[in-house]
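Input: a single structure, listed below in structure tokens.
The values are calculated or read from the model by the stated rules, or taken from the named source; none is laboratory data. Because the structure is predicted, anything quoted here is derived from the model rather than measured. Backbone-built Cβ (ideal geometry, glycine too); neighbour counts: all protein chains shown. Please note that ligands, DNA and RNA were not included when accessible areas were found on the heavy atoms of the full protein model with its side chains. Shrake-Rupley method; radii C 1.70, N 1.55, O 1.52, S 1.80 Å.
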Amino acid sequence: MVRALSRRCSIQSWGSFRIRRTNHDDHDDDHDDDDHKQQQQLRTIDARNTNKPTEDQPPSIGEAPKEKPQSDMDQMKERFAKLLLGEDMSGGGKGVSSALALSNAVTNLAASIFGEQGKLAPMAPERKARWRKEMDWLLSVTDHIVEFVPSQQKSKDGTNMEIMVTKQRKDLLVNIPGLRKLDTLLIDTLDNFGQEQEFWYVSKNDDPENESSRREGKWWHPKVKVPPNGLSETSRRWLLSEKEAVSQVLKAAMAINASVLSEIEVPESYIDSLPKNGRSSLGDSVYKSITVEYFDPAQFLSSMDLSTEHKVLDLKNRIEASIIIWKRKMHHKEGKSSWGSAVSIEKRELFEERVETILHLLKYRFPGLPQSSLDISKIQDNKDIGHAILESYSRIIESLAFSILSRIEDVLHADSLAQSSSSNFDDDATRLSSAETPTLLDFMGWGIDPLKRSPIDMENLFKVDSDKKASKPPVSPTPRPPIPELSDN
């Protein structure tokens, strides 16, 4: 039975083979081209697989596994996941607020892209592309910060109805495009220095004068060099125009930053740390200088010791604290609060106006100052995401503009030093070339201009000298003969 079953299976297989063979013969002409193409594709795939290692094949010894670069979508997901967790990747709920997380993200991104701008040079294309890409991610949050505004809508029957529609918040709608434009202007300014310039930079290790310059501020920056005679007039004018443009960008960024900080509420923790009156905050000497009858802000600043950044920041902190104290006293003037004072409201308003003027002058005279205690408290306690993005973005642009402005001033300072040294050298050379070599007559004290000497004058001079020798008095005391007068003949 087993033999019969095996014979039957072999007959069935042979019959199926004959059927397939017959069908194949019927359609052989139709599929010749397709088979040829499939064979070529299989050969190509085999050739590729022989050159490329399979996925299951482990890497060779000493060869590091290649990691696939993250796509933009994966990077954006990772970035916003950190922001949602408040920079606390453990998920334990110990993260900061979303506003502070966004502010820190903008600050850290700018620090990694720009760092401390040590020289005037274009940004690398990779850094520039990363800056614009990641800033677009962070600024996209502001597109969803909206407010309701009234609008007119026409219905199907022709009647007009007033409805409320969403629109981006007004401060973001105005300031975000302006900050983007300022950002573009600064990057374009750096790109302008990519062309051939008349100045260059040397490393601190290659500069022989580095040891003496280490005592000065910012000694770690590369030192700028200019030609011995200074910059050309065209290059100097171009630098001055770039300096003026960057100064305008700096002023605009400072104005936006100050406006945003003024809209953020003062934290209660900062208020609790203040003294009870403005005199204690300012100090007796500063308070007396501010409360005089005739007050001059410029004279006040000239009398203060502003030699270091720490002293300027300390004065700024004391002035801001006194402004907050006086404003709270005016707010609680009717209540019996511990903030009350016997000083009249008019005088307090006058004092507040004076210290605000001093604060304004300090900000524009020292634009590169670190953040004050009040600014830090506002940023850390702020819960408004729109204010956080505006404040951090404007602060970054302000810092970059100040850095570029400082580097331009370094070039102009080096140019002025080269010009002064060149002019001093020219003056010395002119003086030495105009003066003749001194003669024996000059050392003997005869005050006759060597340029005006004539043969007759020289004869008379030697004649006087010979007469002096002939009329030398003898040993016995006899009257001295008179010195003959000079003759014009």
C-alpha center-to-center spacing [segment 86-102, segment 106-159] in angstrom:
22
FRET efficiency, Ala129 to Gln152 (Cβ-Cβ, R0 41 Å, nearest 0.05):
0.45
Assuming R0 = 51 Å, what is the FRET efficiency of Glu162 and Gln195, from their Cβ-Cβ distance, to the nearest 0.05?
0.35
Going by average Cβ neighbours within 10 Å, how do the peptides 230-237, 122-129, 256-263 rank, with the highest at the top?
256-263, 230-237, 122-129
Out of the GluC sites (Glu not before Pro) in segment 159-200, which ones are loop residues according to DSSP with at most 13 other C-beta atoms within 10 Å?
Glu196
Enter the accessible area of Ser273 (Å², nearest 10), with the probe set to 1.4 Å and all protein chains included.
80
Given the candidates Gly283, Ser241, Val260, the one whose Cα lies deepest towards the positive end of the charge dipole of segment 236-338, counting +1 at each Lys or Arg C-beta and -1 at each Asp or Glu C-beta, is Gly283
Computed for segment 91-200: size of charge dipole around the Cα centre, +1 on C-beta of each Lys and Arg, -1 on C-beta of each Asp and Glu, debye to nearest 20, value 380
Under 20 Å from a point placed 7 Å out from the Cα of Lys82 along the Cα-to-Cβ direction: which residues of segment 99-124 have their backbone N that close?
99-116
Extreme residue, positive dipole direction of segment 255-405, given options Ile396, Ser322, Ser377 (C-beta unit charges):
Ser322
Val146 long-range amide H proximity, modeled H, under 5 Å:
Arg169
So how do Asp183, Asp284 rank on accessible area, 1.4 Å probe, biggest first, that is with the largest at the start?
Asp284, Asp183
Per-residue accessible area for His387 at 1.4 Å probe radius, Å² rounded to 10?
20
Given the pairs Lys243/Lys311; Lys251/Lys327; Lys94/Lys329; Lys170/Lys347, which span a C-alpha to C-alpha distance of over 30 angstrom in this model?
Lys94/Lys329; Lys170/Lys347
